[in-house]
Amino acid sequence: MKKDGSRELTREAALRMDLDDPLAAFRDGFAPMRDGALYMDGNSLGRQPEATAARVAEVLAKWRDEMIIAWREWIGVPRRIGDAIAEGIVDARPGEIVVGDSTSVNLYKAAAAAVTAQPGRHVLLTSDDNFPTDLYMLQSLAAQHSLQLKVLPADPVEGLDVDVLRGALDGDVALLALSHVAYRSGALLDMTVITRMAHDCGALVLWDVSHSAGSVRVPLESSGADLAVGCTYKYLNGGPGSPSFVYVRTAQQQRLRQPLWGWFGHREQFAMGNAYEPAEGIDSFLVGIPSILSTVGIEPGVRGVAEAGIDRLQGKGQQLTDLIIALADEWLAPHGFTVASPRIAKHRGSHVTLKHPRAKEFVRALIKEGVTPDFRPPDMIRIGPAPIYTRFVDVWDAMRCLRDLTATIR
């Protein structure tokens, strides 16, 4: 910082921040990228941990050597990794999270369980900045159960206003389903305040934490959240298409019954009985046989994030995104760029969105230069520096590259 309190925006200042970074050593736990490559899309797909290949190879060797006998170990993998996420990533209790299926499928299971447990209520409530697949699943559920889906307008930068939400909550709302961090702007909602508001009118709450798990604190336990879903391939670095997770609060597990009755959610799955009896606890939210190779591939990323610590990750993420915004104001605003993310650090996740009419061209050009951000139509560039492996100088260099491209893309 300068004497007047403003940020020093030199490359040397970014290098000094890297020297003071308590998370710097975690970068060595990831597979190296090609020389000069700058990865700014950790909010879409995380980098590969060095330990992942060896962990998957262990399972391949066990499959080769033990064949079906290895299921004695594999059977507990979804719960074991679920417990690791609960205890190290999202402030939950053991036995409240299980891994399996996609985020879309888990969201449908959780939402359907909620609405069927709320007879006499006819409204599903969400916002228009929720992730598209969440909206599709809620549309499907509303059509199947003759419910009304109300979609509240959210500010495109700051996210859903609690006053707008308060005006829509009443005794007819069965379920409120929201994204903790908005996938476009990165706006971070106050999980505690919103959950309590919904509970005050008797609604259940389902959170999508895909863009927050592993980058900011996710207070499922202390907020009183009923249900949550989240993916593992973003900040948890589980690999492309890795299974997601579903959270069900212990106090709700006996009450809530998900609609897909598969054999892995059965009380005695290997008894092979013809009548379904739900398993106790979170296991009832399993459906079919888990994808073991993909699921064990999640474990190194989860362990690394848990060791780094969510508070430290969130703190660094705020610093990284502060730097992006400061550089955008200094370098890019004169060229037609605007910041489309909250400027107050505690109100955003770990990515920043920039808007420009020719955003798609800039993203294509950046990729050719070895910088990987993310494009969201029609005019948004998302820059997502994952705090566990992104350096401050990486952000500085990526933003400089974007600045330099303004000389050729006008």
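Just so you know, all these numbers are worked out from the coordinates, no wet-lab data involved. Because the structure is a prediction, the values reported are computed rather than measured. FYI the Cβ positions are ideal-geometry reconstructions off the backbone, even for glycines, and counts take in every protein chain you see.
Compute the distance in nm between two label points, each set 7 Å from the Cα along the Cα-to-Cβ direction, one at residue 58 and one at residue 272.
Distance between label points: 3.2 nm.
Which value results for Rg/Rh of region 147-259 when Rg is the Cα radius of gyration and Rh the Kirkwood radius based on the inverse mean 1/r? Don't jump to the answer; show the numbers that get you there.
Working: Rg = 14.3 Å, Rh = 14.9 Å.
Over the Cα atoms of region 147-259, Rg/Rh equals 0.96.
From the mean inverse distance of alpha carbon pairs (Kirkwood) and the Cα radius of gyration, derive Rg over Rh for region 33-137. Mind showing how you got there, number by number?
Details: Rg = 19.1 Å, Rh = 17.8 Å.
Ratio value, two decimals: 1.07.
Helix check for the chain. Which DSSP H runs span at least 15 Å along their own axis by Cα, with a mean Kyte-Doolittle hydropathy no less than 1.0? Could you put the intermediate results ahead of the total?
Details: long enough: 50-66 (25 Å, -0.43); 77-88 (16 Å, -0.13); 103-116 (20 Å, 0.74); 132-145 (20 Å, -0.09); 310-327 (25 Å, 0.17); 392-405 (20 Å, 0.33).
Membrane-span-like by this criterion, though nothing is claimed about a membrane: none.
So which residue, out of 144, 253, 314, gets the largest mean-square fluctuation from a GNM of the chain using Cα contacts under 10 Å as springs?
Looking only at 144, 253, 314, the largest GNM fluctuation is found for 144.
What is the dipole size for the chain, taken about its Cα centre, with +1 at each Lys and Arg Cβ and -1 at each Asp and Glu Cβ, in debye to the nearest 20? Walk me through the intermediate numbers first.
Values: 44 positive and 50 negative charges, 116 e Å.
Using Cβ point charges on Lys, Arg, Asp and Glu, the chain gives about 560 debye.
Can you give me the long-range amide H partners of residue 40? Hydrogens built in the peptide plane at 1.01 Å from N, cutoff under 5 Å, separation of 5 or more residues or another chain.
372
For the chain, max minus min Cα coordinate along each principal axis, in Å, sorted largest first?
Projected onto its principal axes, the Cα set of the chain covers 68, 59, 36 Å.
Amide H neighbours of residue 208 under 5 Å, at least 5 residues apart or on other chains, H built in the peptide plane: list them.
178, 179, 180, 229
Divide by every residue of the chain the summed helix terms, -39500 (n - 2.57) for each DSSP H run of at least 4, and state the resulting mean residue ellipticity at 222 nm, rounded to the nearest 500 deg cm²/dmol.
Working: 14 runs with 148 residues, N = 410.
So the helix-based figure for the chain works out to -11000 deg cm²/dmol.
Once phi is turned into θ = phi - 60°, what whole-Hz ³J(HN,Hα) does the Karplus curve with 6.51, -1.76 and 1.60 give for every residue of region 342-349, x standing for Gly and Pro?
The phi angles translate into x, 7, 7, 4, 6, 9, 9, x Hz.
How high is the relative contact order of region 179-267, in percent, counting Cα pairs under 8 Å that sit 6 or more residues apart? Could the numbers behind the result be given before it?
On the way: 115 pairs, mean separation 20.1, N = 89.
Result for region 179-267 is 23 percent.
So for the chain, averaging the separation of alpha carbon pairs under 8 Å that are six or more residues apart and normalising by length, what relative contact order in percent results?
On the way: 825 pairs, mean separation 94.3, N = 410.
23 percent.
For the pairs 109/234; 109/355; 234/360; 62/368, note any where the Cα-Cα span goes beyond 32 Å.
Numbers: 109/234 21 Å; 109/355 35 Å; 234/360 22 Å; 62/368 41 Å.
From 109/234; 109/355; 234/360; 62/368, over 32 Å: 109/355; 62/368.
Going 7 Å from the Cα of residue 404 in the Cα-to-Cβ direction, what parts of region 24-66 have a backbone nitrogen less than 13 Å from that spot?
Hits in region 24-66 for residue 404 at 13 Å: 36-38.
Assuming a ≥ b ≥ c are the square roots of the Cα gyration tensor eigenvalues, decide whether region 94-162 counts as rounded (a/c under 1.5), prolate (otherwise, with a/b larger than b/c) or oblate. Walk me through the numbers on the way to the answer.
Details: a/c = 1.77, a/b = 1.18, b/c = 1.50.
Since a/c reaches 1.5 but b/c is at least a/b, the shape of region 94-162 is classed as oblate.
For region 221-355, what relative contact order do you get, as a whole percent, if you take Cα pairs closer than 8 Å and at least 6 residues apart? The partial results should precede the final answer.
Values: 150 pairs, mean separation 25.8, N = 135.
It rounds to 19 percent for region 221-355.
Would you mind getting me the FRET efficiency between residue 279 and residue 200? Use the beta-carbon distance for r and R0 = 25 Å, nearest 0.05.
Details: r = 32 Å, r/R0 = 1.28.
It comes to 0.20.
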